[in-house]
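Values quoted throughout were computed directly from the atomic coordinates according to the rules given, and no laboratory measurement underlies them. These numbers come from a predicted model, not from an experiment. So basically every Cβ, Gly included, is an ideal-geometry build from the backbone, and we count neighbours across all protein chains shown.
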Amino acid sequence: MTAGGTPAVLVELTPPDLTPYREGNTGIPYVRSFAADAAGPHAMVMALTHGNEIAGAIALDRLFRRGIAPLCGTLTFAFGNVAAYARFDPAEPHCSRCIDEDFNRLWRADILDNGHRSSERDRARELRPLIDTVDLLLDLHSMTAASPPLALTGMSEKSMKLARRVGVPEIVMRDAGHPDGTRLRDYSRFVDEHDGATALLIECGQHWRRTTAEFAYDATLRFLAAVGMVDHSRPLPVAPQRVLDITHVVAAGERFAFAREFRGMEIVPKAGTVIARDGDRPIATPYDNCVIVMPSVHALPGQTAVRLGRFRE
């Protein structure tokens, strides 16, 4: 176990040096935009929404080094919580997710407009004017669980359509968001069906695995191809997408513990099967063929411990 109480893991990835991107060219540190001569949308790819999820940063660094440029419109690459990323330590990789609070729970006007300050709120306010100009957003993440990659669309139909255009990953997860805060994916412009702006979050795999960084790079290229920023040269996905509807989000109490080890995406055949206990309270599957999604290795009280869902027929 690590000092933070989470299981020791193998970190296969080397965090890239972001110093060359510090100045950016947008007036916002660690944010760069590229404009094409031809008109088109403003597409943005965000990495490091969480400071320890470095696969997305590796993907963007690789694209920068490749010299990628949009065929039309404007393309923006952004590194989000760089303050937390600066603390990343392969010996304690879980500890640099954030500085003061979760950067991906702040994207609501009443939070961004109030006077409370934190490292994450200051950074969100710095990025917000740019976010307000984005038409298409891809937010790259990774997971604690050894789960296959997941696309998270929220309840918006336009986000689901974007996931279909991207074509990967195989599983498209539809959920209503976090009860403890609003993700960037769920920022008001991206969920308003009368606004053309659309966002998609992709969990690219387990933290710090080489395969996760490779998937982040591939998914980003597919996103850019889907929105017309690069040519359509990616091979076809190997499997059709499946939609997973999240019906229950289970928060951890003071004494939450799973009944057995779950890695994520297990299907529990029978309704009423006890999968965890929160103190003396059993947590049971609400229906047959219940899918266990993104179980937390060490959820703190009030945090999401696990999501429960079912595949659409």
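Going by average Cβ neighbours within 10 Å, how do the peptides 62-68, 82-88 rank, with the highest at the top? Walk me through the intermediate numbers first.
Details: 62-68: 13.4, 82-88: 18.6.
Packing order, densest peptide first, comes out as 82-88, 62-68.
Against the longest alpha carbon principal axis of the chain, how many degrees, from 0 to 90 and to the nearest 10, is the axis of helix 210-226 turned?
Value to nearest ten degrees: 50.
Could you work out [θ]222 nm for the chain from helices alone, using -39500 (n - 2.57) per DSSP H run of at least four and dividing by all its residues? Round to the nearest 500 deg cm²/dmol.
Numbers: 7 runs with 64 residues, N = 313.
Rounded to the nearest 500, it is -6000 deg cm²/dmol.
Please say if the range 116-223 is rounded, prolate or oblate, where rounded means a/c under 1.5 for a ≥ b ≥ c the square roots of the C-alpha gyration tensor eigenvalues, and otherwise the choice is prolate for a/b larger than b/c and oblate otherwise?
Cα axes put the range 116-223 in the oblate bin.
Which angle from 0 to 90°, rounded to the nearest 10, does the C-alpha axis of helix 157-166 make with the longest principal axis of the chain?
Approximately 70 degrees, to the nearest 10.
For ALA271 and ASN289, compute 0.36 nm times the residue count separating them, minus their Cα-Cα distance, and round to one decimal in nm. Before the final figure, lay out the partial values.
Details: separation 18, 0.36 × 18 = 6.48 nm, distance 0.75 nm.
Gain in length upon complete extension: 5.7 nm.
In whole angstrom, how long is each semi-axis of the equivalent ellipsoid of the range 41-103, when you take the square root of 5 times every eigenvalue of its Cα gyration tensor and sort them from largest down? Numbers along the way, then the final one.
Details: eigenvalues 136, 34, 8 Å².
Rounded to whole Å, the semi-axes are 26, 13, 6.
Determine the dipole magnitude for the chain: charges of +1 sit on the beta-carbon of Lys and Arg, -1 on that of Asp and Glu, nothing else is charged, the reference point is the Cα centre, and the result goes in debye to the nearest 20. Mind dumping the intermediate values first?
Working: 36 positive and 39 negative charges, 98 e Å.
Approximately 480 debye in magnitude.
Mind ordering 235-241, 145-151, 286-292 by average Cβ neighbours within 10 Å, highest first?
Numbers: 235-241: 10.0, 145-151: 21.0, 286-292: 16.7.
Final packing ranking: 145-151, 286-292, 235-241.
Kindly state, to the nearest 0.05, the FRET efficiency for SER119 paired with ALA69, given R0 = 30 Å and r defined as their beta-carbon distance. Before the final figure, lay out the partial values.
Values: r = 32 Å, r/R0 = 1.08.
That pair, SER119 with ALA69, gives E of 0.40.
Under the Karplus relation 6.51 cos²θ - 1.76 cosθ + 1.60, θ = phi - 60°, what is the ordered set of whole-Hz ³J(HN,Hα) values for the range 114-124, x standing for Gly and Pro?
Rounded to whole hertz, the list is 7, x, 5, 10, 7, 4, 6, 5, 4, 5, 4.
With a Förster radius of 25 Å, plug the Cβ-Cβ distance of ARG164 and GLU214 into 1/(1 + (r/R0)^6) and report the FRET value to the nearest 0.05.
Details: r = 22 Å, r/R0 = 0.89.
Taking R0 as 25 Å, the efficiency between ARG164 and GLU214 is 0.65.
Ranked highest first by average number of other Cβ atoms within 10 Å, how do 254-266, 129-141, 110-122 line up? Can you show the working numbers first?
On the way: 254-266: 14.4, 129-141: 20.6, 110-122: 12.5.
Final packing ranking: 129-141, 254-266, 110-122.
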